[in-house]
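**Q** Quick one: the structure is below, questions incoming.
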Amino acid sequence: MAPADDTFTQDPKFPLGGFLPDPPPARTVREPARDVPVLAECDVAVFGGGPAGVCAAAAAARAGKRVLLVERHGCLGGMSTVGWVNRIHTLYGTDRKTQIIGGLPEEFLRRLQRLGACRNLARDGETGDWDICGETAKFVWDDLAVGSGVRLALHTWLVGAVRDGRRIAAALVESKSGRQAVLARTYIDCTGDADLVRRAGAATTLGNPEGKCQAPTLVFRVGGKGPEAVPLGRLQAELFQTPMDYNGERYPCFLWGGAGVWNPSEQMMAGTRVLGVNAADARDFTRAEVEARYQLRWILRQLKGLPGWEKTYLLDQGAQIGVRETHRIVPEHLLTRDEVLHGVVFGDTIARGTYPVDIHSPDAPGITFENLDGTFRRQKADGSWASGRWDGEPAGAAKRGTLCWNAPYGSLVPRDLENVLAAGRCIGADHAAAGAIRVMINCMQFGQAAGTAAALLAPGQAARDLDASALRKALAAAGAPLR
Ligand SMILES: Cc1cc2nc3c(=O)[nH]c(=O)nc-3n(C[C@H](O)[C@H](O)[C@H](O)COP(=O)(O)OP(=O)(O)OC[C@H]3O[C@@H](n4cnc5c(N)ncnc54)[C@H](O)[C@@H]3O)c2cc1C
């Protein structure tokens, strides 16, 4: 009989890259021009149904607009569902007393709370980060969209855009029904990878100044964790000492996770990491998926040798590898690391957050956190940690009292386009600022702001000309504590 952990065994020699198509030849084919049937005419079309996209669509629909939401997967929620990323950060400022986030992000959490499908990690049950059940979140994302009057096109990919000067005249989608067009007054790019803006031929930036992107991670969940299981930090240290058997390389840590919402013997693990990946390149993306699954099986085998983890079994893995960074729009206002870390306040602030600048090294083990309180922590390539101050103060100096950082409306507006907005991790931020704004509680706020802005725009009005004070007023009326 096969051993119980047979599912975790694998070919010891990982065929790195051998399963990919040969590098593309320098050839093209001409696709004949054709008429494309129209799938929908609407006021606002949103592409990408992740945390940003659902909030954008719901906000516009609640403002009375006809809204279509296009999503390539069969469910909404993006990374929170198909990626099994199950931690939503706090609604409160760094003092943990002042609520800085409300509106749709709070509604999402309260709906989950009513279903018993999330747990606040603070002792007071309110002011900390939240662990959520990603499967139940699928229902809540549906309710937010459908309950707000949003029309859905699932299993549908955005594949192109037809430009008319500085405006998008039509978006092109592909599904089992073939190629179709979506006509809207305003288009919102919530694809995470700025797909719509790129397809429209407008400028974007990729990753860090060298064009390298934060490493992606396939998240998975295990069951069977014993009550005395050694902590994940020890697991990470063990993994780092053992070369990975499928390619002989060092484990490119970092590993973290949270216990299951319903059952403490279940554990979510963000533990795989694939280096040197641009997930907006289909070849790289394919390599990342397969390599992450090899890494996952290796981690599971190591896990089963550790006290309290011997009975571990695989529950599930994300339907896709989790992507942290690819393309971002070139915006009216580029949000910078310094603006984030110094908590600069903008006249057109539409979102606030406390998440630190968090950069997973693109091509080596290592991670850097830069916090609003002036401190940093860095895991070096040898697995050890360094810490200190990013603001030049001595280590023992008083910590900075910055309550939160702010994001301006101008960061949602692509510089080269008039009837387009972006929300989510592809807004206009530099590489470091993107490391802070990319978490879901922030992406939801950007979505709500973009959807509300789309509803406020007069026919023909360019997104950059919107009266930001009217937008801020509408967001405050919808529960965002922006004042
Ligand atoms: C491993 C990992 C751990 C993370 N940890 C945390 C954490 O603890 N807490 C936290 O809050 N955030 C975390 N993040 C970040 C966070 O999950 C993402 O940055 C966030 O989900 C981005 O939201 P979004 O709506 O912009 O994009 P996404 O969640 O990526 O959603 C984009 C949506 O667009 C769809 N889409 C993309 N392209 C197309 C297309 N061409 N046509 C149609 N649909 C398309 C996708 O299918 C997806 O549903 C983590 C990310 C990763 C990868």
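The values are calculated or read from the model by the stated rules, or taken from the named source; none is laboratory data. Quantities reported herein were computed from a predicted structural model and do not represent experimental measurements. Positions of Cβ are backbone-derived with ideal geometry, glycine not excepted, and every protein chain shown enters the neighbour counts. With ligands, DNA and RNA removed, areas are computed over all heavy atoms of the protein, side chains included. Shrake-Rupley method; radii C 1.70, N 1.55, O 1.52, S 1.80 Å.
**Q** Using only protein heavy atoms and a 1.4 Å probe, report how much of ARG166 is accessible, in Å² to the nearest 10.
**A** 100 Å²
**Q** Given bins 10 angstrom wide, list per bin the percent of all Cα-Cα distances in the range 25-81, short to long.
**A** Going out from 0 Å in 10 Å bins, the range 25-81 shows 21, 34, 22, 19, 4 percent.
**Q** While we're on this one: Using just the helices of the chain, give the 222 nm mean residue ellipticity in deg cm²/dmol: DSSP H runs with n ≥ 4 each add -39,500 (n - 2.57), and the total is spread over all residues, rounded to 500. Display every interim value, and only then the final one.
**A** Working: 10 runs with 113 residues, N = 483.
After summing the helix terms and dividing by residue count, I get -7000 deg cm²/dmol.
**Q** Another one. What list of ³J(HN,Hα) couplings, whole Hz, do you get for the range 291-298 from phi and the Karplus terms 6.51, -1.76, 1.60, once you set θ to phi - 60° and write x for glycine and proline?
**A** 4, 5, 5, 4, 5, 4, 5, 5
**Q** Under 8 Å for C-alpha pairs, at least 6 residues apart: give me the relative contact order for the range 59-175, rounded to a whole percent. Kindly include the intermediate steps, with their values, before the conclusion.
**A** On the way: 169 pairs, mean separation 38.4, N = 117.
For the range 59-175, the relative contact order is 33 percent.
**Q** Okay, next question. Report, please, the projected area of the range 243-283 averaged over directions, based on the convex hull of its C-alpha atoms, in nm². If you can, show how the numbers build up before the last one.
**A** On the way: hull surface 19.0 nm².
Computing the convex hull of the Cα atoms and averaging its projections yields 4.8 nm².
**Q** From the P(r) of the range 90-161, could you give the percentage of C-alpha pairs in the tail past 20 Å? Before the final figure, lay out each step's value.
**A** Details: 1075 of 2556 pairs.
Beyond 20 Å sits 42 percent of the P(r) for the range 90-161.
**Q** Please calculate how many Å² of accessible area the chain carries per residue, with a 1.4 Å probe and no DNA, RNA or ligand atoms counted. Numbers along the way, then the final one.
**A** On the way: 19730 Å² over 483 residues.
Ligands and nucleic acids excluded, the figure is 41 Å² per residue.
**Q** Take the residue pairs LYS138/LYS225; LYS138/LYS380; LYS212/LYS304; LYS65/LYS473; LYS212/LYS380 and return only those whose Cα atoms are more than 27 Å apart.
**A** Details: LYS138/LYS225 25 Å; LYS138/LYS380 37 Å; LYS212/LYS304 34 Å; LYS65/LYS473 18 Å; LYS212/LYS380 18 Å.
Pairs exceeding 27 Å: LYS138/LYS380; LYS212/LYS304.
**Q** Which number comes out as Rg/Rh for the range 40-192 once both Rg and the Kirkwood Rh are worked out on C-alpha atoms?
**A** Values: Rg = 16.8 Å, Rh = 16.3 Å.
Across the range 40-192, the Cα-based Rg/Rh ratio is 1.03.
**Q** Just to be sure I understand the curve: with the Debye formula and one point per C-alpha of the chain, what is log10 I(q)/I(0) at q = 0.06, 0.13 Å⁻¹?
**A** Rounded to two decimals, the profile gives -0.26, -1.27.
**Q** Could you work out the pair-distance distribution P(r) of the range 339-483 from its alpha-carbon pairs, with 5 angstrom bin width and percents rounded to whole numbers?
**A** P(r) over the range 339-483, rounded to whole percents: 2, 10, 18, 19, 17, 12, 9, 7, 5, 2, 0, 0.
**Q** Would you work out if the range 139-178 is rounded, prolate or oblate? Take a ≥ b ≥ c from the square roots of the eigenvalues of the alpha-carbon gyration tensor; rounded if a/c is under 1.5, else prolate when a/b is larger than b/c, oblate otherwise.
**A** Cα axes put the range 139-178 in the oblate bin.
**Q** Which whole-angstrom value gives the distance between the alpha carbon centres of the range 405-483 and the range 170-197?
**A** 19 Å
**Q** Can you give the alpha-carbon Rg of the range 194-292 over 2.2 N^0.38 Å, where N counts its residues? Mind dumping the intermediate values first?
**A** Values: Rg = 17.2 Å, N = 99, 2.2 N^0.38 = 12.6 Å.
The value comes to 1.36.
**Q** Still on this structure, please answer the following. Please list, in order along the range 216-228, the HN-Hα scalar couplings obtained from phi with the Karplus expression 6.51 cos²θ - 1.76 cosθ + 1.60 (θ = phi - 60°), rounded to whole Hz, x for Gly and Pro.
**A** Once rounded to whole Hz, the list reads x, 9, 7, 8, 9, 10, 10, x, x, 6, x, x, 9.
**Q** Give the separation of the Cα centroids, the range 56-84 to the range 263-342, in Å.
**A** Each part reduced to its Cα centre gives a spacing of 23 Å.
**Q** Another one. Please quote Rg/Rh for the range 342-385 to two decimal places, taking the Kirkwood radius as Rh and restricting both calculations to Cα atoms. Let's see the in-between values first.
**A** Values: Rg = 13.8 Å, Rh = 12.3 Å.
Rounded to two decimals, Rg/Rh equals 1.13.
**Q** What do the square roots of 5 times the Cα gyration tensor eigenvalues come to for the range 274-314, in whole Å, largest first, as semi-axes of the equivalent ellipsoid?
**A** Values: eigenvalues 166, 13, 8 Å².
Value: 29, 8, 6 Å, ordered largest first.
**Q** Would you grab the residues whose amide H sits under 5 Å from the one on ALA161? Only those 5+ places off in sequence or on another chain, please, with H modelled 1.01 Å from N.
**A** Amide H neighbours of ALA161, under 5 Å, 5+ apart: LEU172.
**Q** How much net charge surrounds ASP95 when only the other residues with a Cβ under 14 Å from the Cβ of ASP95 are counted, with Lys and Arg +1 and Asp and Glu -1? Can you show the working numbers first?
**A** Values: positive: ARG96, LYS97, ARG352, LYS399, ARG400; negative: ASP124, GLU126, ASP373.
Spelling it out: positives minus negatives among the neighbours equals +2.
**Q** Could you tell me how far the Cα centroid of the range 220-238 sits from the Cα centroid of the range 38-53, in Å?
**A** 40 Å
**Q** Hey, can you rank 466-474, 379-387 by average C-beta count inside 10 Å, highest first?
**A** On the way: 466-474: 16.3, 379-387: 12.2.
So the order, starting with the most tightly packed, is 466-474, 379-387.
**Q** What is the Cα radius of gyration of the range 270-376 over 2.2 N^0.38 Å, N being its residue count? Intermediate values should be presented prior to the final figure.
**A** Working: Rg = 18.4 Å, N = 107, 2.2 N^0.38 = 13.0 Å.
Cα-based Rg divided by the globular estimate yields 1.42.
**Q** Take the Cα atoms of the range 128-242, find their three principal axes, and give me the spread along each one in whole Å, biggest first.
**A** So the extents along the principal axes, rounded to whole Å, are 61, 42, 33.
**Q** Each residue of the range 148-155 in turn: what ³J(HN,Hα) in whole Hz from Karplus with 6.51, -1.76, 1.60 and θ = phi - 60°, glycine and Pro shown as x?
**A** Once θ is set to phi - 60°, the couplings for the range 148-155 become 8, x, 6, 8, 10, 10, 8, 6 Hz.
**Q** In addition: Determine the percent antiparallel among the DSSP beta bridges restricted to the chain, to the nearest 5.
**A** Numbers: 49 of 68 bridges.
Within the chain, antiparallel bridges account for around 70 percent of the total.
**Q** What chymotrypsin sites (Phe, Trp or Tyr not before Pro) in the range 273-350 are in a loop by DSSP, with at most 13 other Cβ atoms within 10 Å of the Cβ?
**A** On the way: sites: PHE285, TYR294, TRP298, TRP309, TYR313, PHE346; in loops: TRP309, PHE346.
Here no loop site has a sparse enough neighbourhood.
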